[in-house]
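The values are calculated or read from the model by the stated rules, or taken from the named source; none is laboratory data. All values derive from a computational prediction rather than experimental measurement. Cβ placement follows ideal geometry from the backbone for every residue including glycine, while neighbour counts extend to all protein chains displayed. Surface areas here come from the heavy atoms of the whole protein model, side chains and all, with no ligands, DNA or RNA. Shrake-Rupley method; radii C 1.70, N 1.55, O 1.52, S 1.80 Å.
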Amino acid sequence: MTGLSFRRCPVVLAAPSGTGKTTIARELVERNERFTFSVSATTRPARAGEQHGVDYEFVSEEAFQEMIRDMSLVEWARVHGNLYGTPRQHVEAAQDRGQHVVLDIDVQGAMQIRTAIPDAVLIFIFPPSGKTLLERLGGRSTEADVEVARRLRNARQEMERAADFDYIVVNDALEHAVARVKSVVEAESQRPSRASNLEEEVRRLRTEIDEVLAEGEAPSE
Ligand code: 5GP
């Protein structure tokens, strides 16, 4: 048996809001212990049911600015008027534990991760249709409220960045989308460049092959 050991990679799920990427990220983490969620810091006030440290780290604008100054965020962006950022410590700790850390962030943040963590896998989640997006944002086509209209306009713009990602997964049905993301990550994890002991394992197997060959060449009695 080979003892190849592959480094886990950070997984970025980005998409316009309303695409269902948070649900995909949560499902992935809940069903697979090899995945963990990156809890972002934000200045947005908590919504009903959201928990500090679970959904987000809810911080003041001042505390967030300090995180930027301390370089303790791998990336950050202003989204819909609030600040959001990925704490560096969470990403590093997850990797040290041998887990894939899942980042549920916006498109601007994903592009920053491309530079900050070249090893990361960037997946763009596609909404199946404009109508689904509207429904998921809780609006109605006749009288979309101001916030829903703003998010839809942002979505329209963000769709243009899909080509800059490594993979596209369509969120037509949750089960399928989660399975596709998982298979992308599994395939990505098995790149030779992610094997931390490739040379050593190749050397070991070559020695074993030499031994088998030598045995074969030995004169039989
Ligand atoms: P919401 O306020 O609806 O939870 O999130 C709004 C948007 O901010 C979503 O697109 C979400 O993915 C994004 N977001 C959440 N955390 C982060 C983060 O740490 N960095 C960036 N760049 N975007 C984030």
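For Glu57, the solvent-accessible surface computed with a 1.4 Å probe is close to 40 Å², ligands and nucleic acids excluded. Which of rounded, prolate or oblate describes region 54-204 when judged by the alpha-carbon gyration tensor and an a/c cut-off of 1.5? In terms of gyration-tensor shape, oblate. For the chain, a crude dipole built from +1 on the beta carbon of Lys and Arg and -1 on the beta carbon of Asp and Glu, taken about the Cα centre, is about 1040 debye to the nearest 20.
Computed from backbone phi, the HN-Hα couplings of region 101-106 come to 9, 9, 9, 9, 9, 8 Hz, rounded to whole numbers (Karplus: 6.51 cos²θ - 1.76 cosθ + 1.60, θ = phi - 60°; Gly and Pro given as x). Of the residues Arg204, Arg194, Arg97, the one that moves most in a GNM of the chain with alpha-carbon contacts below 10 Å is Arg204. When the Cα positions of Ala41, Gly98, Val74 are compared along the charge dipole of the chain, Ala41 comes out farthest toward the positive end, with charges on each C-beta of Lys, Arg, Asp and Glu. For Ile168, nonlocal amide neighbours, meaning residues 5 or more places apart or on other chains whose placed amide H falls under 5 Å from its own, are Phe124.
Backbone geometry of region 174-188 corresponds, through the Karplus equation with coefficients 6.51, -1.76 and 1.60 at θ = phi - 60°, to 3J(HN,Hα) couplings of 3, 3, 5, 5, 5, 5, 5, 4, 4, 6, 4, 5, 5, 5, 4 Hz, x marking Gly and Pro.
Measuring from a point 7 Å past the Cα of Asn32 along Cα-to-C-beta, which residues in region 173-197 have an amide N at less than 12 Å? Zone members listed by number: 177-190. Within the listed set Glu160, Glu211, Glu62, the residue fluctuating most in the Gaussian network model of the chain (springs between alpha-carbon atoms under 10 angstrom) is Glu211. Judged by the mean number of other Cβ atoms found within 10 Å, the most tightly packed of the peptides 104-112, 43-51 leads the ranking 104-112, 43-51.
Close amide H contacts of Val101 (hydrogens built in the peptide plane, cut-off under 5 Å, sequence separation of 5 or more or a different chain): Val11, Thr36. The amide H of Glu75, built 1.01 Å from its N in the peptide plane, has Thr86 as neighbours under 5 Å, considering only residues 5 or more places off or on other chains. Relative contact order for region 90-173: 37 percent, from Cα pairs under 8 Å spaced at least 6 residues apart, divided by residue count. Using a cut-off of 12 Å between beta-carbons, work out the net charge of the residues near Asn197 (Lys and Arg +1, Asp and Glu -1, Asn197 not included). Around Asn197, the charge tally is +1.
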